[in-house]
């Protein structure tokens, strides 16, 4: 289906390939690559007006969603880019009104009441061409790239506020944000980290290793011991794959177990999310397309065992964690509660771009 | 316009179009008032509108959405007026009437927008529980059926006036599989359904809703059995009340106007109840899919 699409560039195909074969892993490298890709598109001469550009960007987004539906970050970066194009265009087109428009992008009751019929229709027209648009866009996208680059640092700067002396912290699997976060706690503070290994991939071992190298007290426990261990844990700090529009998580399988155990013991659950992981997507039902993935089951039940042809084995990759189990999100610019996610979404993306299809 | 004329017109348009929400009818009536009155100052206009609103409230129809919609309409006039300072009153009137028409059109489209938002949540083979009759729900379910989705709907009778039976009738006409259940059977069917979907007469600032009596019971059951509880409602039903319990609801919302024993409220069966925001999973509105806490945000932005 994708072949023959004129928007499918070599770079894009490379990105899809790299993610599929597991060469490009982790949300940061993927989003960085994606942003560079978008910069090339903006830089290229194939577009004349903002409208043209938005079509190209949106088509690119569609290709990616079809090829890699589980990588929510890709779509988010595309949405962010579309919003930037809208903003820059509006600024050039009607500089004196730009400020007014800024806070009225999402549909709101206020807009419903105060709108003037003529202007609301004009807003969807992006066909005027501007000389400065390209340059402004490149500058703005570079800013975003910078923001992306610094997001982990900004996140981990907040570590001293959340981790205190002689605390026991539980985490799950391996998350780059969590690793950096824990390592940025001042060295004088002695605290203990308990890492649930997150079978079958057991990426938790990697985290424990890395923490131990940084002279942080680390303990690995099997996933089955999460509940038993929770009673002495002071805080749960986990990363996530993406945050959904209701404030729920799409996180590594096992996160729900952790969150439920934490709820039982009233232990606070803190989730580290760089801004680009916020997705304007709802979990409508559990059979939702591309919500979950099934991973390799070799480590659950080796293929060459005697029983393997008689029984089934599954290794789902993700868990949905409902918002009421989460105490706090920490993003690059501070902490917020799950109920605030909707607000951040309206600030980060344009409502017309929620659906890229 | 005389009070009686206003009421008559209001009741007439409700009668003519059974699909019209009371709130929309109220706004239509108020637009007519705006067209018919001659005013020399905005203040005078606002006063006329306010007295028209109070006569609408006395018309005997459920007042919850009438209240919120007319409050929105007054906002619509007062927020617009500073921009019109250098115009004559005649010009102001035409501008307002024009804008009023677009405003009304936006509100009338609301239901379609909500139905579209809710579409991904209705999937093949799902079982839905709903309470009584709601036009938004009906429209949403019909749209889902038109998209060839197969699902089953359980509808409570809502024994006060058997609105549920009417709902089932209408669903059957659209070839949607449905079952009419007793109000008391909510707990029984709860384990077999996928989610609850109800309409609302009003949405409070807390994010909670006012709806046909029995909604709160349903929300409690859904919470207990961990089923999602979705509310579908138009944004003109957002109002600035902040009830903390059932008693806090204004009596005019709870009891029908034209019942005979008005003095002894406690003996009359209330028509509506309040469902607090903690029991609600998501609110689908024409402004998008909101979490209950987003409602107060919208209201703060406006008032």
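Find how many whole Å separate the alpha carbon centroid of region A:1-61 from the alpha carbon centroid of region B:127-181.
Computed from Cα coordinates, the inter-centre distance equals 45 Å.
Given the -39500 (n - 2.57) contribution per DSSP H run of 4+ residues, what per-residue ellipticity at 222 nm results for chain A, rounded to the nearest 500 deg cm²/dmol?
When only DSSP H runs of four or more count, the value is -13000 deg cm²/dmol.
On a full-extension model of 0.36 nm per residue, what is the gain between residue A:232 and residue A:336, subtracting their alpha-carbon distance, rounded to one decimal in nm? Mind dumping the intermediate values first?
On the way: separation 104, 0.36 × 104 = 37.44 nm, distance 2.54 nm.
Contour length minus Cα-Cα distance gives 34.9 nm.
Quick check on chain B: of the DSSP beta bridges with both residues there, what percent are antiparallel, nearest 5%?
Numbers: 9 of 28 bridges.
Antiparallel bridges make up about 30 percent of those DSSP assigns within chain B.
Is the shape of region B:114-302 best called rounded, prolate or oblate, per the rule: a/c under 1.5 gives rounded, else a/b larger than b/c gives prolate, else oblate, with a ≥ b ≥ c the square roots of the Cα gyration tensor eigenvalues?
It is oblate, given that a/c is not under 1.5 and a/b is not larger than b/c.
Compare B:123, B:275, B:285 in a GNM of chain B, Cα atoms joined below 10 Å, and give the one with the largest fluctuation.
Between B:123, B:275, B:285, it is B:123 that shows the largest mean-square fluctuation.
Take the alpha-carbon centre of region A:291-322, take the same for region B:1-59, and report the distance between them in whole Å.
Region A:291-322 and region B:1-59 have Cα centres separated by 64 Å.
By the gyration tensor of its Cα atoms, with a ≥ b ≥ c the square roots of the eigenvalues, what is the shape of region A:157-350: rounded for a/c under 1.5, prolate for a/b over b/c, or oblate?
Since a/c reaches 1.5 but b/c is at least a/b, the shape of region A:157-350 is classed as oblate.
Give me the percent of DSSP beta bridges within the protein assembly as shown that run antiparallel, rounded to the nearest 5. It would help to have the intermediate numbers written out before the result.
Numbers: 19 of 58 bridges.
Once the DSSP bridges in the protein assembly as shown are tallied, antiparallel ones form about 35 percent.
Which order results if A:156, A:175, B:55 are arranged by neighbouring Cβ count within 10 Å, fewest first?
Details: A:156 21, A:175 25, B:55 18.
Final ranking by Cβ density, sparse to dense: B:55, A:156, A:175.
If you average the C-alpha positions of region A:133-172 and of region B:80-102 separately, how far apart do those two centres end up, in angstrom?
Measuring centre to centre over Cα atoms gives 48 Å.
Among the DSSP beta bridges whose two residues both lie in chain A, what percent are antiparallel, rounded to the nearest 5? Can you show the working numbers first?
Numbers: 10 of 30 bridges.
Given both bridge residues lie in chain A, the antiparallel proportion sits at roughly 35 percent.
So what's the back-of-envelope 222 nm ellipticity for chain B, counting only DSSP H runs of four-plus at -39500 (n - 2.57) apiece and dividing by all residues, rounded to 500?
-15000 deg cm²/dmol
Compare A:50, A:208, A:310 in a GNM of chain A, Cα atoms joined below 10 Å, and give the one with the largest fluctuation.
A:310
Per-residue Cβ counts within 10 Å, from other chains only, averaged over B:283-292: what number is that?
If you average over the peptide's residues, the count of other-chain Cβ atoms is 4.
How high is the relative contact order of region A:208-357, in percent, counting Cα pairs under 8 Å that sit 6 or more residues apart?
Numbers: 216 pairs, mean separation 41.7, N = 150.
RCO, region A:208-357: 28 percent.
At a threshold of 8 angstrom on Cα-Cα distance, excluding pairs fewer than six apart, so keeping six or more, what relative contact order does chain A reach in percent?
Rounded, it is 17 percent for chain A.
The numbers here are math on the coordinates, done by the rules we state, and not lab data. Computed from a prediction, not measured in an experiment: that's the story for all the values here. Glycine also receives a Cβ, built like all others from the backbone with ideal geometry; neighbour counts cover every protein chain displayed.
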